[in-house]
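The values are calculated or read from the model by the stated rules, or taken from the named source; none is laboratory data. This is a predicted model, so every value here is computed, not measured. Cβ placement follows ideal geometry from the backbone for every residue including glycine, while neighbour counts extend to all protein chains displayed.
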Amino acid sequence: MKKSFLTAILFAMFCCGSFAQPIYRFTVKVGIDCESVDSLGGEDNVRRQIARMFDKVNRAFNHTRQFNAVYDFVVDWDAFYIYDGVSTDEVHKPHPDHDYLVIIDGYKSDPREAGGGWYGGEILTVYHSRIHNDHFNDPFEPGAIDGIIHEFGHGRGMPDIYAMKVDADKNPIAPIGCMGTKCIMDYPYGETFWSKYAVNMINLSADKMVDIDRLVQAMCPDYLSFNVVGPDGKPVKGAEITFYPVGWYSYSVSPDPVHSVRTGADGSVTLKSGKVFPKTHSFGLKYPNAFVKAEYDGMTAYAWLPLYDIENAVFEGKDTYTLGLSLKDSKPSSPKDFVIR
Ligand SMILES: [Zn+2]
């Protein structure tokens with residue numbers, strides 16, 4: 001099945017004259033708990049289902065042809081195993097002979113079997129667990145497969161886009177939210193599109209095993225630059241720009257600013273990005289987004305600085321992310337009047 005799919009892709013690329021794309025192969029060791037195997041009708045069926053699942057993972061990386069390479073995640077069937085134990089113990093087992101380990105558990109029969117998803121750092125394992133109680137939940141149903149595709153996006157270096165979003169009612173500065181961007185790494189269910197940021201990050205990772213936090217930190221632009229204009233389109237000197245941080249997975253804006261600056265005579269100001277996005281060990285950067293408020297003489301403008309926007313500047317060869325802010329005369333009456341990115 002996989003072979004015929006790859007053959008089809010290679011044939012299509014040959015016909016379109018873009019045969020130069022490399023193929024990135026990653027080896028995958030798969031383990032599944034014995035209760036799941038019993039519930040799914042035995043080992044033969046489970047092997048078939050896993051093969052089908054990886055066809056879909058490969059298709060998700062290849063069928064939109066957004067990446068610079070063809071991706072081939074290959075299950076090593078000689079290493080496939082069924083375990084009778086605690087899934088979270090399996091997740092942490094080293095797998096030196098394979099790029100990835102995938103632990104499948106549809107049962108969660110033990111209270112220690114908490115969590116799930118991508119385990120990065122030195123672990124490089126997808127814990128494909130479906131639920132948080134002891135009812136069986138099919139790890140091969142369409143939503144589960146969409147979920148594991150998202151986890152392999154992490155495996156290729158992408159952070160969660162949804163971790164950068166903000167709910168409008170959790171923004172104490174102005175009642176507007178940050179909606180994220182269409183992407184498997186934002187909301188994977190029924191989604192087939194990889195955002196520009198995901199394509200950039202996954203292309204950057206290429207065929208290497210990578211650490212998401214290190215990539216996030218490395219791709220932050222050195223500088224942030226703002227050009228503030230008034231309602232007449234002319235530069236505004238002395239406008240105050242305040243940055244309110246957004247914590248990872250917090251969906252909220254902090255009421256405490258992390259930094260503020262004033263524009264110069266030309267209405268612009270440039271600052272080191274570290275003032276707004278300090279480097280940290282976990283997540284690479286302390287914040288994945290910030291809410292920007294520009295103010296001058298009763299006029300305001302607002303904007304967001306999500307990493308999925310600002311880091312694309314570096315992929316375009318720039319060291320500075322530049323943003324224009326247009327001050328509005330009066331306080332906007334509805335969220336659509338705000339300047340939102
Ligand atoms: Zn995720």
Can you spot a residue in segment 164-182 that is free of Cβ contacts under 8 Å to residues at least 60 places away in the same chain and within 16 Å of the ligand (Cβ to nearest atom)?
-> yes
Return yes or no: is CYS220 assigned by TED's automatic domain parsing to the domain that holds ARG262 and under 20 Å from HIS281 (Cβ atoms)?
-> yes
If we scan segment 121-131, do we find a residue that is more than 11 Å from the ligand (Cβ to nearest atom), under 18 Å from the mean Cα position of the chain (by Cα) and in a loop (DSSP other than H, G, I, E, B)?
-> yes
Is at least one residue of segment 139-149 out of contact with any Cys (no Cβ under 8 Å at 6 or more places or on another chain), more than 10 Å from the ligand (Cβ to nearest atom) and not assigned by TED's automatic domain parsing to the domain that holds LEU40?
-> no
Picking from TYR249, TYR287, TYR296, which residue would you name as being surrounded by 19 or more Cβ atoms within 10 Å (Cβ to Cβ) and under 18 Å from the mean Cα position of the chain (by Cα)?
-> TYR287
Residue count, segment 183-195 (criterion: of a type in the set (Asp, Glu) and more than 10 Å from the ligand (Cβ to nearest atom)) = 1
Restricting attention to segment 59-99, and to residues there that are among the hydroxyl-bearing types (Ser, Thr, Tyr) and either in a loop (DSSP other than H, G, I, E, B) or touching a Ser or Thr at 6+ places or on another chain (Cβ under 7 Å) (or both), which single residue is nearest to ALA198 (Cα to Cα)?
-> THR64
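Before we move on, is PRO159 in a loop (DSSP other than H, G, I, E, B) and more than 16 Å from the ligand (Cβ to nearest atom)? Quick ask: steps written out before the conclusion?
Values: in a loop (DSSP other than H, G, I, E, B): yes; more than 16 Å from the ligand (Cβ to nearest atom): no.
In short, no.
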Only residues that are surrounded by fewer than 18 Cβ atoms within 10 Å (Cβ to Cβ) and either within 15 Å of the ligand (Cβ to nearest atom) or under 24 Å from SER282 (Cβ atoms) (or both): list them for segment 100-119, please.
-> ARG112, ALA114, GLY115, GLY117
Looking only at segment 21-45, which residues are without any contact (Cβ under 8 Å) to a residue 40 or more places away in the chain and either under 29 Å from the mean Cα position of the chain (by Cα) or assigned to a helix (DSSP H, G or I) (or both)?
-> ASP38, GLU43, ASP44, ASN45
